[in-house]
1. In whole Hz, what ³J(HN,Hα) sequence does the stretch 33-45 give by Karplus (6.51, -1.76, 1.60; θ = phi - 60°), x for Gly and Pro?
2. Rg to Rh for the stretch 329-376: what is it, with Cα atoms only and Rh by Kirkwood?
3. Amide H of Leu305 versus every other amide H placed in the peptide plane: which residues, excluding those fewer than 5 positions away on the same chain, fall under 5 Å?
4. Report in % the part of the accessible area of the stretch 29-148 that belongs to carbon and sulfur, leaving out ligands and nucleic acids; probe 1.4 Å.
5. With label points built 7 Å along Cα→Cβ from the Cα atoms of Arg138 and Ser104, find their separation and express it in nm.
6. Students often get this wrong, so check it: of Lys266/Lys559; Lys40/Lys156; Lys245/Lys295, which have C-alpha atoms separated by over 22 Å?
7. Provide, for q = 0.13, 0.16, 0.19, 0.22 Å⁻¹, the log10 of I(q)/I(0) from a solvent-free Debye sum over equal Cα point scatterers in the stretch 87-158.
8. What is the Rg over Rh value, at two decimals, for the stretch 494-600, using alpha-carbon atoms and the Kirkwood definition of Rh?
Amino acid sequence: MDPLDSALHFKVLLRGRSSANAGFRPYNGPLPDVLREIVKRGEWLLCLDEQLHAPQDVMIAPGALASLFQVPQPPTPQDDERFGLVGPLWRRGLERAGVVRDLSDIPEDQIYRMLLDLPTRGIPLELASRFLLQLLERGSFDPERGGADRETFLQKGQVPILTQDGRDWGARQETYYAHRDDLPKAVRSHLKLVDLPSRRNATQVAARFGIPALRKDSMNIRLRSVEQADGVVADALFARFEQTKPFILALRNHLSPDQASLRRLKSLRLVIALRAEMELEAGGETIIDDLEPFKHSLVSTGHELTVTIDPSLHDDENFDLGLHAISDGIAELFELQAGSDFTTLLTASTQSLRMTHLLRALPALNEAEQEAVKSGIGFIEPTGPTISVDADTLAQALVRAESEDDLSGSPVEADLAETDQDAALEEEPDRAAEAVRSELRLTATALAAGTGGVSSRERTDDIKVRVTGGTGPLAGRSSDVDRAADAEHWSVAFEKSRGRVPLLVANLVGSGAYGCDCLSFRSEVDRDAFMNDPQRIELVERFIEAKSGTVRFTPNEWKMAEETGDRYYVYRISFADEKRERAQLTVVRNPASQSIALRVSRELIVDSVLARKIYELLRANEATSKDADAI
């Protein structure tokens with residue numbers, strides 16, 4: 001039985017009167033609210049601390065707010081047997097007595113009384129801040145129901161604030177809410193800022209706690225001086241911003257077509273700074289301070305977004321954090337709480353991936369509307385790289401390659417010892433040249449197997465393709481352990497050892513070339529068909545970039561890696577010494593997708609790629625190799 005449930009009838013002897021002048025008479029109606037309040041506020045409920053507390057100060061499941069609320073002591077087995085206090089009935093009785101289940105059950109007037117009492121209860125400031133945050137996140141809350149208790153809090157209340165030394169209590173009337181997290185750090189020493197996370201609903205902070213948002217436009221912020229950054233990070237951030245801007249415009253145009261903000265983004269100029277000195281007004285004072293690294297300044301009267309980076313950090317860290325700062329600046333331009341949608345678009349490594357994210361952010365679009373978005377951006381689904389090589393140009397390149405770096409001669413004599421070969425190089429240069437240029441045959445043994453990218457400004461060359469001199473091994477010269485030409489030579493030999501048909505194109509360079517050192521085909525039929533029509537890159541099974549030492553990409557190599565995806569391979573050859581009898585080959589497929597191993601300057605950290613495969617290569621007497629897994 002629930003004795004406080006007015007729907008149940010039980011005998012209560014009550015007498016009351018309607019006014020001070022009236023006489024007392026029996027009361028037979030429902031239990032008056034005044035008695036409910038006496039039950040709720042009286043200290044009679046036994047809690048886990050073995051003390052009696054008022055039900056209004058008790059919570060059934062306080063969770064992280066256990067220091068603010070007592071927890072009722074559950075009934076003992078004897079209570080269950082004596083009174084029949086099973087779990088559901090016990091909880092219902094607690095709720096009827098005024099014990100709340102969680103924060104959402106506490107009425108608004110009681111909330112304001114609790115806020116007013118917080119500084120006197122000696123609770124940790126961190127807990128008080130957490131309490132404010134949970135109140136802010138509470139879905140149903142009407143400040144007007146706080147009544148006189150709310151007014152008292154607004155006049156006399158204190159809230160946890162942030163200081164240079166940590167947290168403290170501050171008068172609510174003197175406190176501001178840091179709506180954004182890009183305010184200069186010096187502001188904290190001049191203003192009282194409530195200890196609430198930024199990017200929350202500033203309107204609700206003002207309505208529930210009476211704390212106004214500190215807006216940058218009221219601080220008269222201006223940049224006094226800017227030390228601009230240059231180099232690969234700045235170039236990469238500039239390029240990524242310009243590449244992504246059409247996608248952001250399309251996203252915002254569909255979600256909230258505010259033409260003024262859209263026009264401002266179109267004309268927005270990005271400034272990457274090593275240091276930016278700001279001047280602002282706060283608390284009646286003029287403050288001069290540096291903008292912290294990876295913060296932004298969006299001057300309301302101008303069309304510049306200034307983002308700071310940290311020269312002490314590595315390029316890839318600066319690039320990633322810089323993109324997040326740019327996202328924050330764009331969010332401020334559109335007056336949004338967060339720029340996570342912009343971050344997703346900015347960090348996408350390719351235009352195709354960027355378009356995928358854009359369409360996912362606009363799920364309500366039908367197929368025709370999606371095509372309209374693509375058309376509006378000027379985005380064309382990639383149909384493959386643009387190649388400017390014709391059959392004559394390819395033939396010219398191959399003739400030059402054969403004359404300077406012949407990979408199709410007779411095999412190296414198997415019984416020629418290394419010391420004898422060295423002597424031959426000294427005594428018979430012509431014979432030595434023929435030997436070095438002869439076909440290299442390998443034995444390949446798989447050693448180990450493991451389980452997006454950055455663009456920067458690219459200079460377009462007027463000459464689409466040109467044929468350079470041979471890049472293969474040079475006769476009569478001492479070999480450099482990391483010389484790229486030797487890596488190409490061994491990569492071609494490895495392809496032959498795997499049964500594929502390689503074609504060395506390293507001396508075709510330019511923006512219309514193949515962006516790699518070697519093309520590998522499934523069969524001679526495919527290779528011959530390709531040589532008759534070098535535009536048919538669908539016949540190419542592998543685009544191979546051979547590297548030794550550091551793996552850096554030229555703009556055209558990177559473009560080809562992005563556009564060919566899983567068909568693009570990096571072969572890194574590491575020689576043990578100058579003898580060239582043994583080498584280690586590390587294979588990386590689709591380097592543009594290896595974001596964890598890429599630096600901003602298009603350098604691939606091969607050893608950071610999980611999905612790499614390693615082979616040990618040996619010069620062999622015959623064109624045979626040990627069995628190894630296909631790569």
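1. 4, 5, 6, 4, 5, 4, 4, 6, 9, x, 8, 9, 8
2. Working: Rg = 12.0 Å, Rh = 11.8 Å.
Rounded to two decimals, Rg/Rh equals 1.02.
3. Arg269, Leu270, Val271
4. Numbers: 3410 of 6570 Å².
Carbon-and-sulfur percentage of accessible area, whole number: 52.
5. About 1.2 nm separates the two model spin labels.
6. Details: Lys266/Lys559 26 Å; Lys40/Lys156 25 Å; Lys245/Lys295 19 Å.
Where the Cα-Cα span goes over 22 Å, the pairs concerned are Lys266/Lys559; Lys40/Lys156.
7. With no solvent term, the Cα-only Debye profile gives -0.44, -0.65, -0.86, -1.05.
8. Values: Rg = 14.1 Å, Rh = 14.6 Å.
My calculation of the ratio gives 0.97.
The values are calculated or read from the model by the stated rules, or taken from the named source; none is laboratory data. This structure is a prediction, so every number in the text was calculated from the model and none was measured. A quick note on method: Cβ atoms are made from the backbone with ideal geometry, for glycine too, and the neighbour counts reach across all protein chains shown. In case anyone asks, the SASA skips ligands and DNA or RNA and just uses the protein heavy atoms, side chains included. Shrake-Rupley method; radii C 1.70, N 1.55, O 1.52, S 1.80 Å.
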